Amino acid sequence: MTKTILFDLTESELEKFVTDMGQPRFRAKQISEWLSRGAPNFSVMKNIPEKMRDDLDKIAQTLPVRVIKKLQSSDGATTKFLLELNDNERIECVLMRTSYGNSVCVSSQAGCAMGCKFCASTLLGLKRNLTVNEIFAQILVAQWELRGDRFTDKPIRPNGDANNGDVSHIVVMGTGEPLQNTDNVIGFIERANHDMGIGWRRITISTCGVVPGIDKLIEWGRPINLAISLHAPNDELRKKIMPIANKYSIHEIMDAAWRFTDLHNRQLMIEYILLGDIDGNLLNATCECAEQLVEIVRNKNCMVNLIPWNTVAERQFTSPSGNAIHRFQDILIKNGIHARIRRERGNDIGSACGQLRISEANK
Ligand code: SAH
């Protein structure tokens with residue numbers, strides 16, 4: 001028998017579920033409070049009688065995701081979760097405790113259809129879009145990791161305050177292309193803002209450049225942050241590593257991106273993985289590429305995030321030397337471009353981009 005996912009029920013449906021069990025209505029409110037903290041099972045619900053918890057366990061499940069595996073980085077700052085959905089698809093999410101807050105990287109799809117040549121998430125293709133609740137449940141898993149049942153004072157609900165030990169930032173940068181599931185991603189963000197008090201400006205969507213999706217974000221009008229996975233400074237090279245480049249040119253993507261950031265007066269983030277070919281020759285990390293990138297972002301409100309490539313065994317690339325990476329960064333900086341090298345978090349736990357899901361699927 002498939003279990004009822006209580007998180008998916010409305011308030012009145014939950015009340016009916018509880019009263020159908022022969023229990024008083026107020027139990028629904030208690031359960032709902034536990035759900036909003038991310039309770040992973042019923043045994044943690046200390047204010048519910050043990051018999052009822054056992055009964056619930058037989059017929060119901062709390063969240064629409066189950067934690068299958070939890071990996072902790074050696075420095076303790078990063079926790080990665082492998083989660084299973086009700087149709088047994090698997091997704092990942094990552095909690096990063098940083099100096100600016102508690103940030104969660106969520107997946108928007110099971111698998112990915114984009115086919116980027118350097119990425120592990122797309123290796124098994126796209127399985128399906130995630131629902132609003134399946135995306136939202138990922139931040140509740142992280143919230144439970146941060147706080148568990150250590151809620152002593154009001155408010156009962158998390159309120160997006162890192163100092164309080166809550167999830168404070170969200171990046172939609174896990175598996176999947178968020179702008180191929182735009183409506184559910186928007187629904188998720190609205191909910192994270194409303195239910196968990198996470199401010200628009202602490203939320204970032206990363207896209208490989210699905211132009212109609214960026215237009216939809218413009219129409220939606222919330223001042224979130226946008227990140228573009230550019231990874232190449234000209235269309236010819238981009239087509240070699242990212243199939244989406246056959247659909248939208250860099251010019252079209254950047255035009256949409258600047259319209260978005262101008263509207264909200266936000267800084268655009270450009271993601272740029274530095275890649276070498278299998279023989280170690282620089283691919284998109286040459287000085288010439290850096291100079292072309294400068295022309296794309298010159299005089300724009302923008303930050304370039306240079307990303308050392310995380311090795312994916314199935315993928316035929318190499319990571320350039322530290323020297324090559326710094327030379328690339330220097331060219332950007334000399335031209336007045338704000339460029340940072342992304343700190344790798346949780347590298348020791350396969351935290352990059354679908355790696356855990358793939359390694360489990362290969363077993
Ligand atoms: N589809 C969206 C969001 C998911 S990918 C997008 O393309 O932006 C999130 C980021 O991780 C992207 O910038 C992606 O290019 C990058 N990425 C993918 N595989 C990687 C790898 N092996 N090493 C480093 N970054 C990677």
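So how much slack lies between Glu236 and Glu252, counting 0.36 nm per residue of separation and subtracting their Cα-Cα distance, in nm?
Numbers: separation 16, 0.36 × 16 = 5.76 nm, distance 1.46 nm.
Here the segment from Glu236 to Glu252 would lengthen by 4.3 nm.
In Å², and per residue, what accessible area does the range 228-287 have when probed at 1.4 Å with the other protein chains present?
For the range 228-287, the per-residue accessible area is 43 Å².
How tilted is helix 132-147 with respect to the longest principal axis of the chain? Cα atoms for both, answer in degrees (0 to 90, nearest 10).
On a 0 to 90 degree scale, this one is about 80.
Please go through the range 131-219 and write out the trypsin sites (Lys or Arg not before Pro) that DSSP classes as loop and that have at most 11 other C-beta atoms within 10 Å.
Values: sites: Arg147, Arg150, Arg191, Arg201, Arg202, Lys216; in loops: Arg150.
Counting only loop positions with at most 11 other Cβ atoms within 10 Å, the trypsin sites (Lys or Arg not before Pro) in the range 131-219 are Arg150.
Please give the calculated 222 nm ellipticity per residue for the chain, where each DSSP H segment of at least 4 residues contributes -39500 (n - 2.57) and the sum is spread over every residue; nearest 500 deg cm²/dmol? All intermediate terms of the calculation are to be shown ahead of the outcome.
Numbers: 11 runs with 125 residues, N = 363.
Helix contribution divided over all residues of the chain: -10500 deg cm²/dmol.
Mind giving me the nanometre distance, one decimal, between the label points for Thr2 and Glu190, set 7 Å out from Cα along Cα→Cβ?
Calculated label separation equals 2.5 nm.
How much of the accessible area of the chain, in percent, comes from carbon and sulfur atoms when a 1.4 Å probe is used?
Using a 1.4 Å probe with all protein chains present, the chain comes out at 47 percent carbon and sulfur.
If contacts are Cα pairs under 8 angstrom and at least 6 residues apart, what is the relative contact order of the range 66-362 in percent?
Details: 587 pairs, mean separation 51.5, N = 297.
Here the relative contact order equals 17 percent.
If each of Arg340 and Tyr100 carries a label point 7 Å out from its Cα toward its Cβ, how far apart are those two points in nm?
Rounded to a tenth, the inter-label distance reads 0.5 nm.
Between the helical axis of 287-297 and the dominant principal axis of the chain, each derived from Cα atoms, what acute angle in degrees is found, rounded to the nearest 10?
Result, in degrees: 60.
So for each of 2-14, 117-129 I average, over its residues, the number of other beta carbons within 10 Å; can you give me the resulting order with the highest mean first? Kindly include the intermediate steps, with their values, before the conclusion.
On the way: 2-14: 15.2, 117-129: 18.7.
By packing density, highest mean first, the sequence is 117-129, 2-14.
How tilted is helix 26-36 with respect to the longest principal axis of the chain? Cα atoms for both, answer in degrees (0 to 90, nearest 10).
In the chain, helix 26-36 runs at an angle near 20 degrees to the longest axis.
Find how many whole Å separate the alpha carbon centroid of the range 76-131 from the alpha carbon centroid of the range 275-324.
Comparing the Cα centres of the range 275-324 and the range 76-131, I get a distance of 23 Å.
Among Ser206, Val106, Val167, flag the residue with its Cα farthest along the positive direction of the charge dipole of the chain, charges on Cβ as +1 for Lys/Arg and -1 for Asp/Glu.
Checked the options; the winner is Val167.
Among 83-89, 108-114, 239-245, what's the highest-first ranking by average C-beta atoms within 10 angstrom per residue?
Numbers: 83-89: 14.6, 108-114: 22.7, 239-245: 18.1.
Output ranking for 83-89, 108-114, 239-245: 108-114, 239-245, 83-89.
Can you tell me how much longer the chain between Met303 and Asp277 gets when fully stretched, taken as 0.36 nm per residue apart minus their C-alpha distance, in nm with one decimal? Walk me through the numbers before you get to the answer.
Values: separation 26, 0.36 × 26 = 9.36 nm, distance 2.57 nm.
Going from the current span to full extension adds 6.8 nm.
Listed highest first by mean packing, meaning other Cβ atoms within 10 Å per residue, what order do 324-331, 41-48 come in? Provide the component values of the computation, followed by the final result.
Numbers: 324-331: 17.4, 41-48: 15.4.
So the order, starting with the most tightly packed, is 324-331, 41-48.
In square nanometres, what is one fourth of the surface area of the convex hull spanned by the alpha carbons of the chain?
Numbers: hull surface 75.3 nm².
For the Cα atoms of the chain, the hull's average projected area reads 18.8 nm².
Give me the extension gain from Gln30 to Asp183: residue separation times 0.36 nm, minus the current Cα-Cα distance, reported in nm with one decimal. All intermediate terms of the calculation are to be shown ahead of the outcome.
Details: separation 153, 0.36 × 153 = 55.08 nm, distance 3.04 nm.
That works out to 52.0 nm of additional length.
Taking only C-alpha pairs under 8 Å that are 6+ residues apart, what is the relative contact order of the range 97-201 in percent?
Numbers: 160 pairs, mean separation 40.2, N = 105.
Answer for the range 97-201 is 38 percent.
Please work out the FRET efficiency for the pair Thr19 and Gln316, using the Cβ-Cβ distance as r and a Förster radius of 56 Å; give the result to the nearest 0.05.
Numbers: r = 59 Å, r/R0 = 1.06.
Once rounded, the FRET efficiency stands at 0.40.
Give me the one-decimal nm value for the distance between modelled label points at Ser43 and Lys58, 7 Å along each residue's Cα-to-Cβ direction.
Using points 7 Å along Cα→Cβ, the separation is 1.8 nm.
Return one whole number: the accessible area per residue of the range 4-61 in Å², for a 1.4 Å probe. Intermediate values should be presented prior to the final figure.
Values: 3060 Å² over 58 residues.
On a per-residue basis, 53 Å².
The values are calculated or read from the model by the stated rules, or taken from the named source; none is laboratory data. Quick caveat, the model's predicted, so the values are computed rather than measured. Methodologically, a virtual Cβ is constructed for each residue, glycine included, from the backbone with ideal geometry; neighbour enumeration extends over all protein chains shown. Note: accessible area is taken over every heavy atom of the protein model, side chains too, but ligands, DNA and RNA are not part of it. Shrake-Rupley method; radii C 1.70, N 1.55, O 1.52, S 1.80 Å.
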